1. So which GluC sites (Glu not before Pro) in the range 315-354 are both in a DSSP loop and have at most 12 other Cβ atoms within 10 Å of their Cβ?
2. Of the trypsin sites (Lys or Arg not before Pro) in the range 18-95, which ones lie in a loop per DSSP and count no more than 15 other C-beta atoms within 10 Å?
3. So for the chain, considering every pair of alpha-carbon atoms, how many percent are separated by more than 38 Å?
4. K307: which lysines have alpha carbons under 24 Å from its alpha carbon, excluding same-chain residues fewer than 8 sequence positions away?
5. Arranged by the count of other C-beta atoms within 10 angstrom, fewest first, what order do T206, T403, T428, T40 take?
6. Before rounding to the nearest 500, sum -39500 (n - 2.57) across all DSSP H runs of length at least 4 in the chain and divide by the residue total; then give [θ] at 222 nm in deg cm²/dmol.
7. What does the charge dipole of the range 233-374 about its Cα centre add up to, to the nearest 20 debye, if the Cβ of each Lys and Arg holds +1 and the Cβ of each Asp and Glu holds -1?
8. What number results when the radius of gyration of the range 294-457, computed over Cα atoms, is divided by 2.2 N^0.38 Å?
Amino acid sequence: MDKINLLCAGKRARIILQGMGEDALDNVFLYDMDSSKWGTYVDAWKVNDPKEIDTNDYWCISVINHILYPDIRKDYISKYGLREDKEILIDELMVSFLLEKKQKGDNSIKLSNDSNRNVIWTSIKGWKAGGVEEWMYDIYNIFINKHSNHKFLVGQEKLEHNNEIGVIPVEIDNDNVLNLKVAENVIQILEENLPLTIITNQLDETFWAAVCLKRLYAEKIKIISVIHNGTEYAYDHNYCFRKDVDCFVGVSKEICEGMIERGVSKEKVKHMTCTFECSKYLDRKYSCEENTPLRIGYAGRLDGFEKSQKRLDILLNTIEELNSRNIDFRIEIAGDGEAKTKLQESVKKLGLEEKVTFLGWLKRKDISDYWRRQDIAINTADFEGRSISKFEAMANGAVPVVTDTSGVREDIEDGINGYIVPLRDYMTICDRIEYLNSHRKKMEDMGLKAHSSIYPKSNLNNHIEMWENLLNEIG
């Protein structure tokens, strides 16, 4: 491996360096802008002052929260004169390390006994980590009943015997995400199942492993990368692997356009709509009586405040502002995450415990009932791919009031079947909710239109046909 300067001496750097081991001591050097870290050690690596970086050397930023990446990158370039053409993206660094280590070791191919090409669906975060993982598992279950060569690679913190046909468990550590040790285990699993087509959900250990084997065995492995994130970071990091990936599948038209604009050929980019349950006929009631409280729902990961995807600070501001306008409402928050406790404490500090209920994660069977008792669904995220929670809310007649993230304009006609508001604009969110509070029949009409407009997109047969065609096309 060439000399590489690893920037940001945090948790991500520690996980990476532990995975690389002592073999990387002579090639990887650690730097951080925080002067209090200079001279300290992350395992065997000393943290250095970035002023010492040779601007002709390669460099790589290692942060877990990719929302911080653009600002950190800008600071390192402007303050220390780092050359943009010398940057190596973290995912490419991981693949390069895995490939070099694999080439030094046993490079023999262990073909499976099955003469057919295996198809492996992946969920390294586990069975039910969120909507994306549940979608992947649902689609796999449909295909395994039709094709015996389909398998499901799933991460488990504690490996358990599983009797489900085709399930391949791999041990993970959720405290050490994006782990090279896990990627090495996945490489072994995939190699034993060659030839194969793999479907990945994000640039994680399964993706690194797949690209590593692609560069070793070429046509023996096909890669389909499903992009669920409509950000510049996601576009750029996927584009980096355009020569390795056989097809990019975007969950929104914006994502597809983002990849094509960067230079990926249209033939390698497909569009899809994730599946969701939606009955043809909607049977529910709305809070049409003005003396009854509005019922508002929020469903999603409780991941953080200012520097996060879901922007719970905006959700909290919305709740506080609605209360200050004397709007009678109740909000049920379905979800969990590292910011849940802080959000609960903030609600308590505002004295709004009677208006806000925390439900935790909902079971799949309870999602429809949850949304059918909500008049309004809000989403305050800074970015999405194409929110599955939004689909589920509209499918059950809740009026979406959501921020202008990827995919919303495919499903919402502003002012007709929901509202689209600018990012971080909680005042406009409150304006729309206040209007619906004063126009209850209009709210019911919009909710019914939300359902009728989203129902045709829930056709499971179309979704399965799209995947059947794509897998046949990939070969």
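1. Here the GluC sites (Glu not before Pro) that fit, given the DSSP loop and packing criteria, are E338, E353, E354.
2. R83
3. On the way: 34116 of 112575 pairs.
Of the Cα pairs, 30 percent sit more than 38 Å apart.
4. K11, K37, K74, K79, K125, K340, K342, K348, K349, K390
5. T40, T428, T403, T206
6. -11500 deg cm²/dmol
7. Working: 27 positive and 25 negative charges, 76 e Å.
Using only the charged Cβ atoms, the result is roughly 360 debye.
8. Ratio of Cα Rg to 2.2 N^0.38 Å: 0.94.
Each reported figure results from applying straightforward, stated rules to the coordinates on display, with no laboratory input. What you see is a predicted model; the values in this text were computed from it and never measured. Quick reminder, even Gly has a Cβ in these numbers, built from the backbone with ideal geometry, and neighbours come from all protein chains shown.
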